[in-house]
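Each value in this text was obtained by applying a stated rule to the coordinates, not by laboratory testing. Here the structure is a predicted model, which is why all the values come from computation and not from measurement. Methodologically, a virtual Cβ is constructed for each residue, glycine included, from the backbone with ideal geometry; neighbour enumeration extends over all protein chains shown.
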Amino acid sequence: MIELVDTHVHFHFPDYDSDRDEVIHHAQEAGVRYFVNVGTNLETSEKSLELAKRRPEFFATAGVHPHDAKDASEDELKAIRKLIDEKRMVAIGEVGLDFFRNLSPEDIQIKIFERFLQMHVDTGKPLVIHCRDAYAKMAEVLKHFRQGAFQGVMHCFSSDKETMFRFLDLGFHISFAGPLTYKKNDVLREACRTCPKESLLLETDAPFLPPESFRGKRNESSYLVHTAEMAAKTRVVPLEELCEQTTRNAIRLFGLC
Ligand SMILES: [Zn+2]
Ligand SMILES: [Zn+2]
């Protein structure tokens, strides 16, 4: 039986209010052993922590999504900083830059992101980075912030191999989600093929971004195996080996147990 870690999921979102336990059960039956449940602001980070305290297979993260950066008050940042010290909080995020939708002004996104980089330095907890249409700026902000390596993951990586290696060089893991299975995504598959095996992670980002055969539907953690199958096929390794490796990587990066 395969064993997986869904390293990025939003199970506390209202999308699952009617059938959360059932969806979690399906995922477990499909081989998902641990879930890193990701907060996007103070409210969802608190909810994520609640879930992680209730269920031992869940771990939480706390942060402010770049979409929400414009609403992040000093009080909210303080409260999140406190949350990060909680034992079941395994990472800081999701935080980052999103210049695709630009729901917050770019300069505010960068300012808030830098606050979380400082929390990363202060606490030593890994970063869960959201980056969309902003990879060049992201690399610039990280390099400007500090010389040397970071610890964390570029979640739902969505660029090419050259860009991927820039972030590997900065110390990041690379996480692939449902888009790896999309028919036209050869560029992403080439990145997945060449990613060093000890830096490779898998995620669903559920309820968003379902794999190819479920497009248009709500995503679920149980579909993670489809992304794992594509990653195994792309890298020409047995599925069991791919799952074992990515699970080991996730447990090590986030300290899951
Ligand atoms: Zn994201
Ligand atoms: Zn997310």
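Residues in region 90-129 that are within 16 Å of ligand 1 (Cβ to nearest atom) and among the polar types (S, T, N, Q): how many?
3
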Can you tell me which residue is nearest to H10 (Cα to Cα) among those in region 197-220 that are in contact with a helix residue (DSSP H, G or I) (Cβ under 7 Å, 6 or more places away or on another chain) and surrounded by 24 or more Cβ atoms within 10 Å (Cβ to Cβ)?
A206
All but one of (1) in contact with a Lys or Arg (Cβ under 7 Å, 6 or more places away or on another chain); (2) of a type outside the set (D, E); (3) away from ligand 2 (no atom under 16 Å from the Cβ); (4) closer than 23 Å to D15 by Cβ hold for L242, so report the exception by its number.
(4)
Any helices (runs of 4 or more DSSP H) falling wholly within region 1-96 and containing at least 3 residues that are within 16 Å of ligand 2 (Cβ to nearest atom):
42-54
Among S104, S45, the single one that is more than 27 Å from N249 (Cβ to Cβ) and among the polar types (S, T, N, Q) is S104
Suppose we keep only residues that are within 20 Å of L127 (Cα to Cα) and among the hydroxyl-bearing types (S, T, Y) within region 1-48. Which one would you say is surrounded by the most Cβ atoms within 10 Å (Cβ to Cβ)?
T7
I need a count of the residues in region 205-257 that are of a type in the set (K, R) and closer than 17 Å to S175 by Cβ.
3
Are any residues in region 1-24 away from ligand 1 (no atom under 16 Å from the Cβ), closer than 24 Å to A91 by Cα and not acidic (D, E), and if so, which ones?
L4, V5, P14, Y16, R20, V23, I24
Count, please, the residues in region 97-113 that happen to be within 16 Å of ligand 2 (Cβ to nearest atom) and either at positive phi or among the polar types (S, T, N, Q) (or both).
2
Which numbered condition trips up T246, out of (1) part of a loop (DSSP other than H, G, I, E, B); (2) closer than 27 Å to K87 by Cα?
(1)
